[in-house]
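In what follows, a structure is listed as structure tokens, so that the remarks can point back to it.
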Amino acid sequence: MRPLAIVDLGRMRYADALARQLELVEQRKRGEGVDTLFFVEHPHVVTLGRNGKEHNILASPEILARTGIEFYETDRGGDVTYHGPGQIVGYPILDLREWKRDVHAYFHGVEQALIDALAIFGITAERIPERGYEGVWVRGAKVAAIGIHISRWITSHGFALNLDTDLSYFQYIVPCGLTKPVCSLRSLGCSATREQVQNAIADSFVKTFRYERVAQEEFQEIP
């Protein structure tokens, strides 16, 4: 069984977490390090994917800045999304050469890992098999967004699951380019803690992608 390291970065700015991702991506391309699932919570930030449309950002840069929301353009797939306190953001850095060299199978696997994790807490989540509706949904509302990047079969970026997120911050964007509602585990009546949900997701990733989970490391926020 291949090892999967589970690393909790705590709360960290988007740019710092991205730097951590890119550092490990380069290591994995060289055959160094181990596949890793980073967990992180970001301060308020809006990111635009490589397929994103700027008109899906409903607030001007000035308004975003005044509201304390950072903005970044990224090389992940997907459109615009919001990250902030109360979200569980996961960045899997995986070498797909050791699993399946199949982009669609990987994306499907991330969706399934989240769906299986939520089932542990009695939440029936689903994927919508329609282009543009990627991610994880509960009763017509999106609970988790997914945007990935793959370079030489090494994955980066990942998913954002709303745990107890302040959903009012989604008013500044058209999430993933869709005029559909968003929800959180709290809004669905789930009282699970962050630690419980992260552990469920980690176990689901291990099962879905056929890993052996290794000891968790914890990192404090980098100034």
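The values are calculated or read from the model by the stated rules, or taken from the named source; none is laboratory data. Predicted, not measured: the structure shown is a model, and the values here were computed from it. So basically every Cβ, Gly included, is an ideal-geometry build from the backbone, and we count neighbours across all protein chains shown.
Things worth noting here:
- For region 1-35, the set of residues classified as over 21 Å from ASN162 (Cα atoms) and part of a strand (DSSP E or B) consists of ARG2, PRO3, LEU4, ALA5, listed by residue number.
- Conditions (1) among the small types (Gly, Ala, Ser); (2) surrounded by 15 or more Cβ atoms within 10 Å (Cβ to Cβ); (3) closer than 14 Å to HIS157 by Cβ; (4) under 16 Å from the mean Cα position of the chain (by Cα): number failed by ALA15: (2)
- Residues that are more than 22 Å from VAL206 (Cβ to Cβ), among the charged types (D, E, K, R) and free of Cβ contacts under 8 Å to residues at least 60 places away in the same chain, drawn from region 28-49: ARG30
- Within region 54-82, residues that are more than 23 Å from ARG131 (Cβ to Cβ) have Cβ atoms under 7 Å from residues that are of a type outside the set (A, V, I, L, M) and loosely packed, with under 12 Cβ neighbours inside 10 Å in these pairs: PHE71/PRO61, counting only partners at least 6 apart in sequence or on another chain.
- Residue count, region 124-160 (criterion: closer than 25 Å to TYR14 by Cα and not aliphatic (A, V, I, L, M)): 16
- Test: residue in region 104-126 that is acidic (Asp, Glu) and modelled with pLDDT under 95: no
- Any hit, region 104-115, residues being acidic (Asp, Glu) and without any contact (Cβ under 8 Å) to a residue 40 or more places away in the chain: yes
- Enumerated strands (runs of 3 or more DSSP E) restricted to region 114-223, each holding at least 2 residues that are buried (at least 20 other Cβ atoms within 10 Å of the Cβ): 136-138, 141-151, 154-162
- Filtering region 36-75 to residues that are within 30 Å of GLU212 (Cα to Cα) and modelled with pLDDT under 95 leaves only ASP75.
- Boolean, VAL89 is among the β-branched types (Val, Ile, Thr), under 15 Å from SER156 (Cα atoms) and outside any helix (DSSP H, G or I): yes
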